[in-house]
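**Q** Could you have a look at this structure, given as structure tokens, before my questions?
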Amino acid sequence: MSNPLPAALITSLEGLPGFDRAPFEQVHAAAEKITSLRFNPLKVRTPGVQGNILAALSDADAARVPWSTTGYYLSQRPSFTFDPYFHAGAYYVQEASSMFLEHAVRATMDLRQPLKVLDLCAAPGGKSTLLQSLLNEQSLLVANEVIKPRAALLADNLSKWGAANVVVSNNDPRDFGRLPGYFDLVVIDAPCSGSGLFRRDPELIPEWSLENVALCSQRQQRILADVLPALKEDGVLIYSTCSFSREEDEVILDWLADHFELENIPLDVPEAWQIVPTVTTKRNCTGYRFYPNRLKGEGFFISCFRKRDMAGSGKRKETKQPVVSVKEKELLSQWIQLPDGYSYWPHQDEILILSPQLGADIALLQQQLYIRKAGVKAGQLGKKELIPDHQLAMSPLTVASVPVVDLELKAALQYLRKEDPGIDTSVKGWALMRYGQMSLGWAKILPNRMNNYYPKELRILKDISGL
Ligand code: SAM
């Protein structure tokens, strides 16, 4: 390992539940790289398809992540850039410990209900894609990121995920005070000092200091205090970090119990998972510590609370919904299979497809938040034609009659490089380019060539000639 762990970090961890210095230092020195991914149930519906994708990644026997229903460990790290399934949003490459969020959500929420969920610190989208996969179609996920370029990355990743019940916003946590009592579940995957990632990213080690831990702890308190008014009575708060430091973990739990009407929720966690429960001495709050020397994952901390006694949830303003005309609907129906309860939302010269809860609340959310993406963008509607958007290609909402062209691996990668793969097809006009039955994007097929509509900013830049 290039950088030794800071002595002040080790000293500060002594005495914490589950901390065992020698194996902790050894596992960091060994610097094993663990790769895991989580499938997208919207696109990968059967074990057969999962198997095909894992086999294509040369990992047909990939082991399950114990606390996730769709997570797998890979035995090596493949080049995801060269896997069209990655670009199709078939899976998200996510660190395994973080996938425990699924267990926490299943234990604390009734997922059959229509839920409004906020992922406040969401970029690049690991927790948001996981949350979206757990929610039903009547639910709504607001994935927020305060830093603008990171919000753009978050929007790209959620577009690729393909669901219409997601809004991506670019707001400061305090802006959510304008939506009092709105959310059933708020997830705060807080910015932190990052010691939990030192095995994976040793270059982060020199940036660590006790001063920064203290600053992070103060910032975490500020973020929590700002967003808590947006949580409804009886709603659930899930707080997580990738830091081992007490000041960002147990100290925050006690601070929450001291300052807010919050009741800590302990979880049932099988001992075999080797996740270490930690109970605060002051307020008896339970959190869960993930150590890389005990389990197959990086450092992580998580805890859940339920909110009690809220002082009024504020009135909503009624707003008028703009609608699309009958003629426009007819045109859209040539492209889109609109599920029951879903609606179209005309926005400037574009049409968005919104899930039921999002359709009901878009006007309110638009008034209060700076929205980067809402639902699925169908495309630009001209007088006679829809110019379909990439988000539509990434969603499961297209009608079966939309022409498709199935590409081989090489042609798929050429398409993803925004080249013309020179395919021989009888298809004419707009078509979905696919790989292994999964949509990659749009192309317009003309008599002698193809116009490639894959988004320029997403294209593969790496050379594929050697493949
Ligand atoms: N949840 C993400 C995931 O699973 O992919 C990772 C989130 S990362 C741990 C924390 C995020 O908080 C970063 O995207 C960072 O930009 C954002 N952040 C930084 N400062 C913030 C602040 N003051 N308020 C809210 N979010 C902040």
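The values are calculated or read from the model by the stated rules, or taken from the named source; none is laboratory data. Since the structure is predicted, the reported quantities are computational estimates derived from the model, not experimental observations. Every residue, glycine among them, receives a Cβ derived from its backbone with ideal geometry; neighbour counts consider all protein chains shown.
**Q** Can you tell me which residues in the range 321-354 are of a type in the set (Phe, Trp, Tyr) and free of Cβ contacts under 8 Å to residues at least 60 places away in the same chain?
**A** Tyr344, Trp345
Matching residues to (1) among the hydrophobic types (A, V, I, L, M, F, W, C); (2) within 13 Å of the ligand (Cβ to nearest atom); (3) at negative phi; (4) surrounded by fewer than 24 Cβ atoms within 10 Å (Cβ to Cβ):
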residue: Ser159; (1), (2), (3), (4): no, no, yes, no
residue: Val166; (1), (2), (3), (4): yes, no, yes, no
residue: Ser169; (1), (2), (3), (4): no, yes, yes, no
residue: Asp172; (1), (2), (3), (4): no, yes, yes, yes
residue: Asp175; (1), (2), (3), (4): no, yes, yes, yes
residue: Pro180; (1), (2), (3), (4): no, no, yes, yes
residue: Asp184; (1), (2), (3), (4): no, no, yes, yes
residue: Ile188; (1), (2), (3), (4): yes, yes, yes, yes
residue: Pro191; (1), (2), (3), (4): no, yes, yes, yes
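**Q** Now for a separate question. Restricting to helices (runs of 4 or more DSSP H) lying wholly in the range 318-402: which have 2 or more residues that are among the charged types (D, E, K, R) and closer than 30 Å to Tyr435 by Cα?
**A** Output list reads 326-333.
**Q** Please specify each residue of the range 442-467 satisfying the condition of being of a type outside the set (S, T, N, Q), surrounded by 10 or more Cβ atoms within 10 Å (Cβ to Cβ) and within 10 Å of Arg417 (Cβ to Cβ).
**A** The answer is Tyr454, Arg459, Ile460, Lys462, Ile464.
**Q** Output the number of residues of the range 253-278 satisfying the condition of being touching a residue at least 60 places away in the same chain (Cβ under 8 Å) and over 26 Å from the mean Cα position of the chain (by Cα).
**A** Final tally of qualifying residues: 2.
**Q** A follow-up question, please. Residue check: is Val105 within 20 Å of Lys377 (Cα to Cα), more than 11 Å from the ligand (Cβ to nearest atom) and of a type outside the set (S, T, N, Q)?
**A** It is false that Val105 is within 20 Å of Lys377 (Cα to Cα), more than 11 Å from the ligand (Cβ to nearest atom) and of a type outside the set (S, T, N, Q).
Yes/no per residue for (1) closer than 28 Å to Pro180 by Cβ; (2) within 16 Å of the ligand (Cβ to nearest atom):
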| site | (1), (2) |
| --- | --- |
| Leu237 | yes, yes |
| Ser240 | yes, yes |
| Arg246 | no, no |
| Ile252 | yes, yes |
| Leu262 | yes, no |
| Ile265 | yes, no |
| Val269 | no, no |
| Gln274 | no, no |
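**Q** For residues that are free of Cβ contacts under 8 Å to residues at least 60 places away in the same chain, near the ligand (Cβ under 8 Å from one of its atoms) and either surrounded by 23 or more Cβ atoms within 10 Å (Cβ to Cβ) or more than 18 Å from Tyr91 (Cβ to Cβ) (or both), tally how many sit in the range 118-136.
**A** Total satisfying the criteria: 3.
**Q** If you don't mind, another one. Working only within the range 289-322, note down all residues that are of a type in the set (Ser, Thr, Tyr), at pLDDT 95 or above and closer than 30 Å to Gln357 by Cβ.
**A** Result: Ser303, single match.
**Q** Continuing with this model, one more query. Under 6 Å by Cβ, and 6 or more places apart or on different chains, what pairs join a residue from the range 239-252 that is touching a residue at least 60 places away in the same chain (Cβ under 8 Å) and closer than 18 Å to Leu101 by Cα with one that is within 14 Å of the ligand (Cβ to nearest atom) and of a type in the set (Val, Ile, Thr)?
**A** Tyr239/Ile188; Ser240/Ile302
**Q** Next question, about the same structure. Is there a residue being exposed (fewer than 15 other Cβ atoms within 10 Å of the Cβ) and in contact with a helix residue (DSSP H, G or I) (Cβ under 9 Å, 6 or more places away or on another chain) anywhere in the range 430-437? Let's see the steps before the verdict.
**A** Within the range 430-437, the subset exposed (fewer than 15 other Cβ atoms within 10 Å of the Cβ) is 437.
Add one more test, that the residue is in contact with a helix residue (DSSP H, G or I) (Cβ under 9 Å, 6 or more places away or on another chain), and what stays is 437.
For the range 430-437, residues exposed (fewer than 15 other Cβ atoms within 10 Å of the Cβ) and in contact with a helix residue (DSSP H, G or I) (Cβ under 9 Å, 6 or more places away or on another chain): present.
**Q** Hey, another quick one. When the residues of the range 86-102 are filtered to those that are within 13 Å of the ligand (Cβ to nearest atom) and of a type outside the set (A, V, I, L, M, F, W, C), which remaining residue is farthest from Ser36 (Cα to Cα)?
**A** It comes out as Glu102.
**Q** On to the next question. Which residue out of Thr81, Thr69 is surrounded by fewer than 22 Cβ atoms within 10 Å (Cβ to Cβ), in contact (Cβ under 8 Å) with a residue 12 or more places away in the chain and assigned to a loop (DSSP other than H, G, I, E, B)?
**A** Answer to the selection: Thr69.
**Q** How many residues does the range 12-23 contain that are in contact with a helix residue (DSSP H, G or I) (Cβ under 8 Å, 6 or more places away or on another chain) and not in a helix (DSSP H, G or I)?
**A** 3
**Q** On to the next question. Could you look through the range 245-283, keep only residues that are in a helix (DSSP H, G or I) and touching a helix residue (DSSP H, G or I) at 6+ places or on another chain (Cβ under 8 Å), and pick out the one that is nearest to Gly15 (Cα to Cα)?
**A** The first filter runs over the range 245-283 and keeps only residues in a helix (DSSP H, G or I), leaving 246-248, 250-259, 271-273.
Within this subset, residues satisfying the condition of being touching a helix residue (DSSP H, G or I) at 6+ places or on another chain (Cβ under 8 Å) are 246-248, 251-252, 255-256, 259.
Details: Arg246: 10, Glu247: 14, Glu248: 16, Val251: 15, Ile252: 18, Trp255: 20, Leu256: 22, His259: 26 Å.
That would be Arg246.
**Q** Which one is nearest to Asp254 (Cα to Cα), of the residues in the range 193-220 that are within 12 Å of the ligand (Cβ to nearest atom) and buried (at least 17 other Cβ atoms within 10 Å of the Cβ)?
**A** Across the range 193-220, the extreme among qualifying residues is Gln220.
**Q** If you don't mind, another one. I'm trying to understand the selection: among the residues of the range 24-65, which are surrounded by 12 or more Cβ atoms within 10 Å (Cβ to Cβ), in a loop (DSSP other than H, G, I, E, B) and under 24 Å from the mean Cα position of the chain (by Cα)?
**A** Once the filter is applied, which keeps residues that are surrounded by 12 or more Cβ atoms within 10 Å (Cβ to Cβ), in a loop (DSSP other than H, G, I, E, B) and under 24 Å from the mean Cα position of the chain (by Cα), the range 24-65 yields Ile34, Asn40, Pro41, Leu42, Lys43, Val44, Arg45, Leu57, Asp59, Ala62, Val65.
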